[in-house]
Amino acid sequence: MKTFTILLLILFSFNTYAGFRYSNSPSAGSVVVPVKLADEGLYNLVIGVEFMTRPYDKKPYDTDSYEELIDRLRIQWREPAIHTVLENPNLKLTELAGVKKAVTAKLEALIEKTKLNYGISKNTEVVYSVSHFYLSKPE
């Protein structure tokens, strides 16, 4: 009985280590970009984006190519977001909404371009959210 229990524990530990029990969760990532607000000084703009890995209609979303697309977007979204903010080094507080719209537009363009690279239909929905978009004072 002891040997059976030990073998069972070893078997479960290998399966867990190899990813047998892995659960894919939505990806969240964020970047921090310095901005100078007019008459306010230097602030950090925090931008975060989350991608949903499995929308409701699972048919096109359970393929390897879709998962590879999401993995790629989890990393590549940062570049256009940072670039968009750095294009406008001096901002007014009222211009932040426009910056967020510009970041979203660049993310949409990146998603459409990347879908073609992975052979995914233009009609396939990629669900994402700009979950963080706020200023923080550097310490």
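What follows draws every value from the coordinates through simple rules; no lab data is involved. Everything numeric here is computed off the predicted structure, so don't read it as measured data. All Cβ positions, even for glycine, are placed from backbone atoms using ideal geometry, and neighbour counts span all protein chains on display.
Near residue 127, the amide H atoms lying under 5 Å from its own belong to 52; only residues 5 or more places off or on other chains count, and H is placed 1.01 Å from N. Counting only Cβ charges, +1 for Lys and Arg and -1 for Asp and Glu, the dipole size of the range 24-136 around its Cα centre is about 120 debye. Taking every alpha-carbon pair in the range 24-136 and binning the separations at 5 Å intervals from zero gives 2, 11, 22, 21, 16, 11, 8, 5, 3, 1, 0 percent. Calculated FRET efficiency, residue 46 to residue 123, Cβ-Cβ distance, R0 = 30 Å: about 0.35 to the nearest 0.05. Extent of the range 86-133 along its three principal axes (Cα atoms, max minus min coordinate, largest first): 41, 20, 13 Å.
Computed from the C-beta positions of residue 90 and residue 132 and an R0 of 30 Å, the FRET efficiency is 0.85 to the nearest 0.05. Straight-line cross-link reach from residue 101 at under 17 Å between alpha-carbon atoms covers these aspartates and glutamates, not counting any fewer than eight positions away in the same chain: 50, 79, 87, 112.
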